[in-house]
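The values are calculated or read from the model by the stated rules, or taken from the named source; none is laboratory data. Computed from a prediction, not measured in an experiment: that's the story for all the values here. Note that each Cβ is placed from the backbone with ideal geometry, even for glycine, and that neighbours are counted across all protein chains shown. Please note that ligands, DNA and RNA were not included when accessible areas were found on the heavy atoms of the full protein model with its side chains. Shrake-Rupley method; radii C 1.70, N 1.55, O 1.52, S 1.80 Å.
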Amino acid sequence: MMPSYDSPTSGGIFCFLSTHPHVWSITSLTPCGEEGDVCSEYQNLFYGNLTVTSLLRQSTIDQGDKSLKLSFVAEISAKTRHRNSRTGSRWETPEHQDTSPLSRRAMESSNGDVRNLTEVRMSQMVLPCHANHRGQLSTGQLLKWIDTAACLSAERHAGCPCVTASMDDIYFEHTISVGQVVNLKTKVNRAFNSSMEVGIHVTCEDLTNGEEWKVCQAFATFVAQPQGNKKVKLKPTTPVTEEEHLEHSIAAERRRMRLVHTDNIKDLLTRSTQQDERSREGGMNEEVLAQKTRVESVELVLPPHANHQGNTFGGQIMAWMENIATIAASRLCHAHPTLKVIEMFHFRGPSQVGDRLILKAIVNNAFKDSMEVGVCAEAFCHDVGVPRRHINSAFMTFVVLDENNHRCILPRIKPEPGDGERRYREAIARRKIRLDRKYVISCKQSEVPLSVPWDPCNQVYLSYNNVSALKMLVSKTDWVLASEIKKVRLYTLEDGTFLSFKVEMTVSIDAKQAFNLLSDVSRRTEWDGYYKECQLLQQVNEDDAIYHVVSTVSSADGKLQDFIILASRRPPCDVGDPYVVAFRSVSLPTYPPSDKYTRGETLCSGFCVWSQGPMTKISYYNQFTPGIVLQLTTNVAGLSSDFANTYQACEQFLIENTKNSNEP
């Protein structure tokens, strides 16, 4: 029997119907009078972006002594929205892909845009039951919505149950008040073997004035759960738009960073020499014992806390962890703290209905205007003889805001001896790492200085930024062919104050061999006339190296230019991906500018190498800084000739060295 509710407008009832497992509808029903009369009503369904009117079926519903005969006609529209007045929620979800003409049309919205088949949109009205004591949306509730929407996208792509494996850093930019609407948009950026990355974008909408602003952006990893003994092999995603191509490409780099994150953090913490910034304060500020902030709580996992697989809902665990961390932070500042950052964390194992979850939290360190709270979750069953299982650990950064939204100065923390002092020191190192990571990764490209200082704390993130900046350039679709000389094509792209060039050629050599030769920057002097000298300064790891390059180009003062270049190389992550060699400027304290040269800077450049059967396509990209754009645009013809000659020499270099390597 379908649930129904009295209609205040028609004098009949509202009947919630489903004609598809992913579609809900609301239809207004009214008495039809004599038997045999048919009352036609429209029901509005969500089904991707398809707009179609069709007769679905006839149904008879009894209401007391009256018989209601209804003919249901569906008008499926992308702009139609299903609103549930009891929960304040609104959902829009596209359908699984198939090859029928109907499905292909479902991908196109009324304005011609293409919508990702894994995209889920969720809107939630913030009600008092969702808010904290200040009338603001609880971050724990927001985490539940984030995890729910992301899981739906993951399962839509996988076609089977999925669980949350990890969540990247989340930076909360704004608070949300009661009465405002939270809009979430999630979609699968890329699928790997059994895991996939889901991109999450959260905004807030003020219905009184129509304003909307960004709250946070996040990336979650979900793992498909096999049914029975079957192994799961996810189908690849197919990016269509420029944004989807970019996210699909960079997702491989983010995955690489996640896989080394834990080991990288451990390594950096052991080598960290960061000093306590508050050690000079002496007795100026009060000091709070860390053990006074310690919190421990237990939660019994009940069916409402579980997902459709019987496991504890990941969003619920995150909400419990946020709640207990907030209590610990409040015990330090004796005020109502605001959560600003959740550091990247991993779910280490599942818990089920009936488990008891022990949650522990403590303030690890209090900086001048922020504090780090460590929180962990462990699970155990009713049998006390069974050891506890570690479910998750997280580090959350809180601030305290005054009435003007300015950060307040916090009391100092006095750590406990032993583990407390270790956590205190590690919090200092994590803060440095976190700031470096946000500085390098989260900022817009134009906001990051060209030559970011290189040190062990940021090397992983600088490498990520180096490769992702090049992939961002590759994903652009507005390239304009400027010239073609001797089968070497030169493209240009104007993007704001930046001017970019792409040089493209096709050669008959193996892609992997071309990649290995082009990624050895020390050999570039053999074919590139702009490289006078090239010296390897530091082999960071197998994929990253730092070079000192002296150019043949003179600066305005007549001196030759030199560069400190980070070269990052990446083999393909999957079939169809290119080999990537990315370059950007960095600064080394051990190699400062000298009077002999004028230190130059490279914003973004590099090679992408695609295998195309017996042939290999090589594209070179270079994004120039605003200072030299005018100089370049006045001589595009001469530049085209220079590029053509240079990359003909590159082709000859590749052919000769490939031939030599193949000879016995």
>> Cβ-Cβ distance below 7 Å, separation of 6 or more or different chains: which pairs start in the range 235-254 with a residue that is more than 19 Å from Ser568 (Cβ to Cβ) and end on one that is assigned to a loop (DSSP other than H, G, I, E, B) and small (Gly, Ala, Ser)?
In response: Glu242/Ser475; His245/Ser475
>> Looking at Val575, Val580 in this structure, which one is within 30 Å of Ser194 (Cα to Cα) and outside any strand (DSSP E or B)?
In response: Val575
> Quick check: anything in the range 372-381 farther than 18 Å from Ala325 by Cβ, part of a loop (DSSP other than H, G, I, E, B), at pLDDT below 90 and not polar (S, T, N, Q)?
Replying inline: yes
>> Which residue is surrounded by the fewest Cβ atoms within 10 Å (Cβ to Cβ), if the candidates are limited to the range 552-563 and must be of a type outside the set (S, T, N, Q) and under 15 Å from Arg524 (Cβ atoms)?
In response: Val553
>> Considering only residues that are open to solvent by less than 30 Å² (accessible area, probe 1.4 Å) and polar (S, T, N, Q), which ones fall in the range 176-224?
In response: Gln180, Asn183, Thr186, Asn189, Ser195, Thr203, Thr221
>> Among the residues of the range 383-399, are any open to solvent by less than 30 Å² (accessible area, probe 1.4 Å), outside any helix (DSSP H, G or I), touching a His at 6+ places or on another chain (Cβ under 8 Å) and closer than 22 Å to Gly140 by Cβ?
In response: yes
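Among the candidates Lys502, Lys532, single out the residue that is crowded, with 20+ Cβ neighbours inside 10 Å and either of a type in the set (Phe, Trp, Tyr) or part of a strand (DSSP E or B) (or both).
Details: Lys532 fails: crowded, with 20+ Cβ neighbours inside 10 Å.
From the options Lys502, Lys532, the qualifying one is Lys502.
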>> Can you tell me which condition Val260 does not meet? The list is (1) in contact with a Pro (Cβ under 7 Å, 6 or more places away or on another chain); (2) modelled with pLDDT under 80, and all the others hold.
In response: (1)
>> Pairs please, first residue from the range 440-466 and closer than 18 Å to Gly606 by Cα and outside any helix (DSSP H, G or I), second anywhere and of a type in the set (D, E, K, R) and at pLDDT 65 or above, Cβ atoms under 6 Å, 6+ apart in sequence or on different chains.
In response: Leu450/Glu601; Ser451/Glu601
> Which residue, of Val581, Val549, Val575, is open to solvent by 50 Å² or more (accessible area, probe 1.4 Å) and β-branched (Val, Ile, Thr)?
Replying inline: Val575
>> Suppose the filter is more than 21 Å from Ile317 (Cβ to Cβ) and surrounded by fewer than 24 Cβ atoms within 10 Å (Cβ to Cβ); does Glu155 pass it?
In response: no
>> Just to verify a result, which residue in the range 400-437, among those that are in contact (Cβ under 8 Å) with a residue 60 or more places away in the chain and assigned to a loop (DSSP other than H, G, I, E, B), is farthest from the chain's Cα centre (by Cα)?
In response: Glu416
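May I ask you to verify whether Ser641 is at pLDDT 90 or above, outside any loop (DSSP other than H, G, I, E, B) and surrounded by 13 or more Cβ atoms within 10 Å (Cβ to Cβ)? Before the answer, list the steps.
Numbers: at pLDDT 90 or above: no; outside any loop (DSSP other than H, G, I, E, B): yes; surrounded by 13 or more Cβ atoms within 10 Å (Cβ to Cβ): yes.
Here the answer is no, as Ser641 does not meet what is asked.
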> So Pro239 clears everything in (1) surrounded by fewer than 17 Cβ atoms within 10 Å (Cβ to Cβ); (2) farther than 30 Å from Pro337 by Cβ except one condition, right? Which one?
Replying inline: (1)
>> I'd like to verify a number: residues in the range 507-519 that are exposed (fewer than 15 other Cβ atoms within 10 Å of the Cβ) and either outside any helix (DSSP H, G or I) or without any contact (Cβ under 8 Å) to a residue 24 or more places away in the chain (or both), how many?
In response: 1
